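Worksheet: the structure to be examined is printed underneath.
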Amino acid sequence: MKLESIAIYNLRRRKSRMAFLVLGLLIGVATVVTLISLSGALTSDIQHKMENYGANILITPQSDNLSLSYGGITLGGVTVDAKDIQQADLAKIMTIPNSRNIAAIAPKVLGAVEVGSERVLLMGVDTEKEFHLKRWWSISGEPVTDDSQLVVGQSVAEKLGLAPGSKVQISGEAFFVSGILAKTGSQDDQLIIGSLAMSQRVLGKHGTVSMVEVAALCADCPVTDMVNQISTVLPNVDVSAIQQVVKTRMHALDQFRTFSLAIAAVVLLIGALVVFVTMMGSVNERTREIGIFRALGFRRSHVMRLILTESFVVSLLAGLLGYLAGMGATEAIIPFMTEHQVHVAWNPLLGGSAMLLALFVGCAASFYPALQASRLDPTEALRAL
Amino acid sequence: MPFINFNSLSKTYNSDAADVTALSEVTLQISEGSFVGVMGPSGSGKSTFLSILGGLCHPTAGQVFVDDIDLYSLSSEKRADFRREYLGFVFQSFNLIPYLTAIENVMLPLAVKSIPVDEKRDMAKSVLQRVGLEPRLDHLPSQLSGGEQERVAIARALVNAPPLILADEPTGSLDTGTSHEIMELFANLNNEGQTIVMVTHNQEIRTYFDRYLILRDGSVAEDSEDENKLLAKAG
């Protein structure tokens, strides 16, 4: 029998006492694990949603003129002359170091076309990406799926008397209106939207695009870095970040993370207090026993080792069970927090941290009680009962 | 030099109301191999006497030597080592650890020694055999009778083969028949050369001692030796 075996025998033969100790710490650890994994899963869920919600980097042709347009009011001619962007160059964007943070690249070609007696702006888009990116677009009818289809903005539809199913002639070609874009209050209301390839052909802009919207967001890299990276691979264009969008999103994510960490810290503190109080109680309860150990010739350090061994075993168990319980709770809670199917990953780093955390909190909380125990006067201790 | 030497030993407890003198100027010697009974009414200083001899309680003045070691010049950790090497305690009401079996309780003083586990077990078994408790090695204290628990406590005091056994009211919670069995056990140990100092207020067991001290108000009021026993031992 070694000193450590005494601690093990004690825990094994007083199961309810040990269960209580483990439970106190387990609840603390489980709550922290739940909050962290929940906030992790939700952050990535929110991030995923935001990444897909509109663009935050704009690539436009280099132009020497300043734009005389704001909020839909244009003074003077729109300069769509400049050197257009070569569509083939866009592949270079995916070579930047932060390419994995790019959610979507949506190129567009713009040009005026004659529809009946009206001049209308035609925007050719990568249909799949564009409709995915512009989540706020609501289309009555169907979005564009092939080169013969168009989606028209509300204002255009009203002016030309178009409805889903209408036929339209542009530059002698017949098209079919698959859907009407509900009023957005933006310039989109004034557009006819078609596929990129078709628009390039109709506008005579083969292989070029007028502008590119890029949706990119990552929690740990500034968008300005990505702007610089894109400028490097595409030297002849203007690349700018839509700062307002970026800042708002980062702020929302930061706030969510800070909030969940603060709650986790409070819960952990409570867990530590529970362990401290329980350990303190357990030492008081064992005063006589400690007196016997001391009388039999155990040094103070032996008594401390005995109590800390117990805390170590209890903490290790609480850490392991707390991690499992926390992950279980996360799995159970997550369906109520988001409509998406969010995958809760078994993170070995979080598991290891939970164990270390439990060990640290458990041993730190028992250190003082153990010290108190070792300081007990053996005669006092023996007289205690 | 006698085995145990008390040199004008005093102990005063400071309490709120008044200082209580538990021992005053006690000077006495105990030689190796004796079986000394310490008796006296409650509050006479018996327990303090034993605590100080056991290295558990610092005296206010004076010195205690055991085997020429000045106990209270040692650090508290060294005194713990001294207790482990020199003393076997048999406490009042046994003081067994409730979650350890009989044999584990006996092995307790060996727990902090670096001896192979099997050897520790053999040592514990052999002392349990000596006190007549071999068949119940793996029972918890709660499953043993009072007399059996006392035997475990004695075995625990003996397992280290200490030069000195200190016993505090070992018959205090036993019936008369069992008391005598236990005292026989102590007497046998003493006959094998074991030095024993026992505190008791049980007059019936007085006949087992070869020397007894009566304490009154912190002083030795009577110190008598049983000539016949001493002669028998000498013979």
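Results, tabulated for the structure shown:
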quantity	calculated
Selection from segment B:144-171 of residues that are surrounded by fewer than 20 Cβ atoms within 10 Å (Cβ to Cβ), out of contact with any Ser or Thr (no Cβ under 9 Å at 6 or more places or on another chain) and not in a loop (DSSP other than H, G, I, E, B)	B:148
Check on residue A:188, of a type outside the set (S, T, N, Q) and part of a helix (DSSP H, G or I)	yes
Positions within segment B:65-79 being crowded, with 20+ Cβ neighbours inside 10 Å and assigned to a strand (DSSP E or B), in sequence order	B:66
Per-region count, segment A:1-37, residues within 14 Å of chain B (Cβ to nearest Cβ) and free of Cβ contacts under 8 Å to residues at least 12 places away in the same chain	9
Options A:92, A:108: the member that is at pLDDT 80 or above, within 18 Å of residue A:200 (Cα to Cα), basic (Lys, Arg) and surrounded by 11 or more Cβ atoms within 10 Å (Cβ to Cβ)	A:108
Residue B:44 vs. criteria under 30 Å from residue B:147 (Cβ atoms), among the polar types (S, T, N, Q) and more than 14 Å from every other protein chain (Cβ to nearest Cβ)	yes
Pick from segment A:292-301, criterion surrounded by fewer than 24 Cβ atoms within 10 Å (Cβ to Cβ) and touching a Lys or Arg at 6+ places or on another chain (Cβ under 9 Å), ranking: nearest to the other protein chains (Cβ to nearest Cβ)	A:299
Residue check for residue B:82: closer than 24 Å to residue A:375 by Cα and within 9 Å of another protein chain (Cβ to nearest Cβ)	yes
In segment B:201-235, the residues that are in a loop (DSSP other than H, G, I, E, B), open to solvent by 60 Å² or more (accessible area, probe 1.4 Å) and in contact with a strand residue (DSSP E or B) (Cβ under 9 Å, 6 or more places away or on another chain)	B:201, B:217
Condition met for residue A:329 (touching a residue at least 24 places away in the same chain (Cβ under 8 Å) and surrounded by fewer than 19 Cβ atoms within 10 Å (Cβ to Cβ))	yes
Residues being more than 15 Å from residue A:32 (Cα to Cα) and open to solvent by 60 Å² or more (accessible area, probe 1.4 Å) - total across segment A:257-291	4
Scan of segment A:161-175 for residues that are in contact with a strand residue (DSSP E or B) (Cβ under 6 Å, 6 or more places away or on another chain) and in contact (Cβ under 8 Å) with a residue 40 or more places away in the chain, ordered by number	A:168, A:170
Positions within segment A:272-290 being touching a Leu at 6+ places or on another chain (Cβ under 8 Å) and facing another protein chain (nearest Cβ under 8 Å), in sequence order	A:288
Neighbours by Cβ (under 8 Å, 6+ apart or cross-chain): first from segment B:213-224, within 14 Å of residue B:197 (Cα to Cα); second of a type in the set (D, E, K, R) and exposed (fewer than 13 other Cβ atoms within 10 Å of the Cβ)	B:213/B:222; B:213/B:223; B:214/B:222; B:214/B:223
Enumeration of residues in segment A:138-196 that are of a type in the set (Ser, Thr, Tyr) and closer than 16 Å to residue A:114 by Cα	A:155, A:171
So residue A:350, is it within 21 Å of residue A:256 (Cα to Cα), buried (at least 17 other Cβ atoms within 10 Å of the Cβ), in the same structural domain as residue A:270 (by TED's automatic domain parsing) and in contact with a helix residue (DSSP H, G or I) (Cβ under 8 Å, 6 or more places away or on another chain)	yes
Unmet criterion (only one of (1) surrounded by fewer than 19 Cβ atoms within 10 Å (Cβ to Cβ); (2) part of a strand (DSSP E or B)) for residue A:164	(2)
Which numbered condition residue B:104 fails, given (1) at the interface with chain A (Cβ under 9 Å from one of its Cβ atoms); (2) closer than 17 Å to residue A:294 by Cβ; (3) at pLDDT 90 or above	(2)
Qualifying residue in segment A:76-85 (condition: surrounded by 12 or more Cβ atoms within 10 Å (Cβ to Cβ), in contact with a Leu (Cβ under 7 Å, 6 or more places away or on another chain) and modelled with pLDDT under 80)	yes
Condition met for residue B:112 (more than 9 Å from chain A (Cβ to nearest Cβ) and buried (at least 21 other Cβ atoms within 10 Å of the Cβ))	no
Close pairs (8 angstrom Cβ cut-off, 6 or more residues apart or separate chains): free of Cβ contacts under 8 Å to residues at least 60 places away in the same chain in segment B:190-208, buried (at least 22 other Cβ atoms within 10 Å of the Cβ) anywhere	B:202/B:171
Filtered residue count, segment B:1-44, keeping only those that are closer than 21 Å to residue B:234 by Cβ and open to solvent by 70 Å² or more (accessible area, probe 1.4 Å)	3
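Results for (1) touching a strand residue (DSSP E or B) at 6+ places or on another chain (Cβ under 9 Å); (2) without any contact (Cβ under 8 Å) to a residue 24 or more places away in the chain; (3) in a helix (DSSP H, G or I); (4) among the hydroxyl-bearing types (Ser, Thr, Tyr), shown as yes or no for each residue.
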position	(1), (2), (3), (4)
B:2	yes, no, no, no
B:16	no, yes, no, no
B:38	yes, no, no, no
B:42	no, no, no, yes
B:81	no, yes, yes, no
B:85	no, no, yes, no
B:96	no, no, no, no
B:99	no, no, no, yes
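Quick grid of which residues meet (1) closer than 27 Å to residue B:21 by Cα; (2) among the small types (Gly, Ala, Ser):
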| residue | (1), (2) |
| --- | --- |
| B:160 | no, no |
| B:177 | no, yes |
| B:182 | no, no |
| B:195 | no, no |
| B:205 | no, no |
| B:211 | yes, no |
| B:220 | yes, no |
| B:229 | no, no |
| B:233 | no, no |
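The values are calculated or read from the model by the stated rules, or taken from the named source; none is laboratory data. None of these values were measured; they are calculated from a predicted model. Ideal geometry is used to build each Cβ from the backbone, glycine not excepted, and the neighbour counts take in all protein chains shown. The protein model used for the area step is the full one, side chains on, heavy atoms only, and it has no ligands, DNA or RNA in it. Shrake-Rupley method; radii C 1.70, N 1.55, O 1.52, S 1.80 Å.
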